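Here is the structure we will look at, set down as structure tokens.
The values are calculated or read from the model by the stated rules, or taken from the named source; none is laboratory data. Owing to the predicted nature of the structure, the values given are computational and were not obtained by experimental measurement. Cβ sites come from the backbone with ideal geometry, for glycine too, and all protein chains shown count toward neighbours. Surface accessibility is based on the protein's heavy atoms, side chains included, excluding ligands, DNA and RNA. Shrake-Rupley method; radii C 1.70, N 1.55, O 1.52, S 1.80 Å.
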Amino acid sequence: MSQYRIANISVETFLYEDTRTPVNLVRLDELPAMERNARRRMREDCGLRSEGNDEQLFLWTPRPKQKNPRLTVQLLEHRRLKEQLGKNAEGMPAPRRVDVIGVRDEFLKIVTPEQGLSFFTNYGIFSEENRGGLPSLQGLSFADLLAWQHLVRQCWLQIPATWENIVQEHSQLRAVREVLGVPEFSLAIEPYLHLRLRAECVREAILGAIYLEKLENIKSRLCKRPDCDVVFNLKSRHEREYCSPACAHLVAVRKSRQRLTSTKTGKGRRPPKSSRGK
């Protein structure tokens, strides 16, 4: 589903298919020494975070060109969408409809490199910086992916006017200032008045999802459970504190156990009669 609504205006969201697929997951120490050293020099020159040999990298490699591809249903759909999107779509990879809200939520649920690999296999390249050049130089590390998750959660919780501070906090992420750019929306009137959001990479789709909710003035909150980092939207007047009933129940169980432990250790108990009055 790629439909979203701001007030009474429908919004269509698209993500361009990228030609630099598939994505591979490799350890930094599995790269040839020349490429590994070049990556380290590049990151050092750019003031980026240093990487250890055991870091996992997502590398995007060119897809082999096909000769005389058959005119499949998918190709026909891509052609039709390009015609709808107009001249700005010329020369771009084929667009496909996606739910950018779902893309953002799936991205934030990644906790292992393998989950990240599955995510990028489905949605394509993470950012413009991962295109072109030697794949080993442009690849995204799993550690940087986790840092981007933290940044996305902060942006989700705060208004765009404060994002400059968030960017400064994450200055060791490559091209982090691109976060301050506004996603590309276009207005269409055929066959009805609606907006289109076009993302050229996963990062743009994720930030586009946040902007959509900011435009609709949806409030968000971080789950109150200390070891849960889930952000959720407040879509009703009820002031929720937890992202789910499961989190609320777990906190209640922990508090109950803590009270029971305190009682057993004697905290809060009355002293025995023999010691009173002494």
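Neighbours of ARG254 by Cβ distance under 13 Å: Lys/Arg scored +1, Asp/Glu scored -1, total +4.
Rolling a 1.4 Å probe across all protein chains gives PHE119 an accessible area of roughly 10 Å². Report note on the peptides 42-54, 166-178, 196-208: ranked by the mean count of other C-beta atoms within 10 Å, highest first, their order is 196-208, 166-178, 42-54.
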